[in-house]
1. Determine the pairs where a residue that is free of Cβ contacts under 8 Å to residues at least 60 places away in the same chain, located within region 321-342, has a partner that is of a type in the set (A, V, I, L, M, F, W, C) and crowded, with 17+ Cβ neighbours inside 10 Å with Cβ atoms under 8 Å apart, the partner being 6 or more residues away or on another chain.
2. What number of residues within region 313-343 are of a type outside the set (A, V, I, L, M), assigned to a loop (DSSP other than H, G, I, E, B), surrounded by fewer than 20 Cβ atoms within 10 Å (Cβ to Cβ) and more than 19 Å from the chain's Cα centre (by Cα)?
3. If residue 423 satisfies every condition in (1) of a type in the set (Gly, Ala, Ser); (2) open to solvent by less than 20 Å² (accessible area, probe 1.4 Å); (3) more than 27 Å from the chain's Cα centre (by Cα) but one, which is the exception?
4. Which fully enclosed helices (runs of 4 or more DSSP H) of region 1-98 have 3 or more residues being open to solvent by 50 Å² or more (accessible area, probe 1.4 Å)?
5. Could you tell me how many of the residues in region 292-312 are assigned to a loop (DSSP other than H, G, I, E, B) and within 28 Å of residue 110 (Cα to Cα)?
6. Within region 224-258, restricting attention to residues that are over 23 Å from residue 189 (Cα atoms) and hydroxyl-bearing (Ser, Thr, Tyr), which residue is surrounded by the fewest Cβ atoms within 10 Å (Cβ to Cβ)?
7. What are the residues in region 332-364 that are within 11 Å of residue 431 (Cβ to Cβ) and at pLDDT below 95, if any?
8. Filtering region 365-415 down to residues that are basic (Lys, Arg) and modelled with pLDDT of 95 or more, which residue is most open to solvent (accessible area, probe 1.4 Å)?
Amino acid sequence: PRYRPDWASLDARPLPPWFDQAKVGVFVHWGVFSVPAWGSEWFWWHWQGEHRADYERFVQRRYPPDTTYADFAPRFTARDFQPREWAQLFQRAGARYVVLTTKHHEGFTNWGSPVSWNWNSLDTGPHRDLVGELGQALRESNIRYGLYHSLLEWFNPLYLADKESGFKTQNFVLKKTMPELYDLVLKYKPDLIWSDGDWEAPESYWNSTSFLAWLYNDSPVKDTVVVNDRWCNNCSCRHGGYYNCADKYKPGTLPAHKWEMCSSIDKLSWGYRSNMNIAELMDEASIIEELVQTVSFGGNYLLNVGPTKEGVIVPIFQERLLALGRWLDTNGEAIYESKPWRVQMENSTDTVWYTSKGPVVYAIFLIWPLDNVLELSSPAPSPATQVTMLGFSGTLKWQKSPGKGLLITLPYMLPSPRPPQSGWAVKLEGVK
């Protein structure tokens, strides 16, 4: 069918199945904001939009007088950017897709956008097509490629003039936003478009529905491309492909619509900060807990890192990604291609979460029980019930629980009763 440029028609498009099966992605926030590398990727806005004193002091102390934000661009060198190494890291992290910022709200494009003259990665800074290079490396590694793109630009004169008109004029959309979106799709054929910067203006301003109709009907990725829900100021959680709803969104119950939770290893920022400290970073246990909760509720988990201006993913971020990958090497069977079960978590606790694949049920527990006995009250066992643990050979002994459910005897671990990891999965066959 041909899709019409209205939400009723666009929202009826089935989501390409690869996205729900993928479950795990890596988000990359990288741009001119990686140069000051302080505060957050909203650096320019806090400094020149809000005139925050701490940002003004920071620039005075570190940079020559009269420094402008544009002066940071030549320092965005990407000198150490090795796209194949990134792709290898993301693969080892267990990511099935990667989303790169092609342009944040600062307007600088990480490819040679013909409508972003001298404010793009080919004309200044790295003098490289960052979007294209990473895309090629990811495709070689069989990882799906998503492009983050901000609709708005804080300080673009065309945007500010449209805003002044109450969004009755559309010069910015016609000369900047839309040409860039079409260019990205035709040049890089992305698997996913992660739209953002939607909140100030209505759908009638952004022309989102006509772009999406073209994307779904006539673009080179019409059958495979997935989009999120940030296409206008009241689209979030209502229109688009899958739903983000809000950054770090946690629904608390099973949503009716496919969704994605985006989270960041650095709890205070999406872009790289040179002054972050270890207490401000997510540890392995909290990353795995977020992943498990998200997937139990039918969501995808998109975990963010911010590379440095030279294009280095710092070792602590690599370490967190590799820890996630090791966990998925053992327990990925309970995550990838899974579906939510009839119950998402064990009723008395948020430390046991369920996923399923056909008749098979997985119980993922985040805390190792002290007596080595895992009590599950939700699954109803039968004489044919078989219990195994991912990463361990052989079956586990179980008995019917005096109440309802079953008691599973876990393998005894030497030398300590608790393995040094977070989260284990038991596979239940023959339960209801």
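The values are calculated or read from the model by the stated rules, or taken from the named source; none is laboratory data. These figures come from a predicted structure and were not determined experimentally. Ideal geometry is used to build each Cβ from the backbone, glycine not excepted, and the neighbour counts take in all protein chains shown. Calculation scope for accessible area: heavy atoms of the full protein, side chains included, ligands and nucleic acids excluded. Shrake-Rupley method; radii C 1.70, N 1.55, O 1.52, S 1.80 Å.
1. Filtered contacts from region 321-342: 323/287; 341/361.
2. Residues of region 313-343 that are of a type outside the set (A, V, I, L, M), as a first pass: 315, 317-320, 325-327, 329-333, 336-342.
Going one step further and asking which of them are assigned to a loop (DSSP other than H, G, I, E, B), we end up with 336-338, 340-342.
Of the ones still in play, those that are also surrounded by fewer than 20 Cβ atoms within 10 Å (Cβ to Cβ) are 336-337, 340, 342.
Pick out the ones that are also more than 19 Å from the chain's Cα centre (by Cα) and you get 340, 342.
Number of matching residues: 2.
3. (3)
4. Values: elements: 7-10, 17-22, 53-62, 83-92.
Once the helices (runs of 4 or more DSSP H) in region 1-98 are filtered for at least 3 residues that are open to solvent by 50 Å² or more (accessible area, probe 1.4 Å), what remains is 53-62, 83-92.
5. So in region 292-312, the residues assigned to a loop (DSSP other than H, G, I, E, B) come out as 297-298, 306-312.
Of the ones still in play, those that are also within 28 Å of residue 110 (Cα to Cα) are 306-312.
Residues that pass the stated criteria total 7.
6. 253
7. Within region 332-364, none qualify.
8. Our first condition is that a residue be basic (Lys, Arg); within region 365-415, this holds for 397, 400, 404.
From the residues that got through so far, the ones that are modelled with pLDDT of 95 or more too are 397, 400.
Values: 397: 162, 400: 142 Å².
Step by step, filter region 365-415, then rank; the result is 397.
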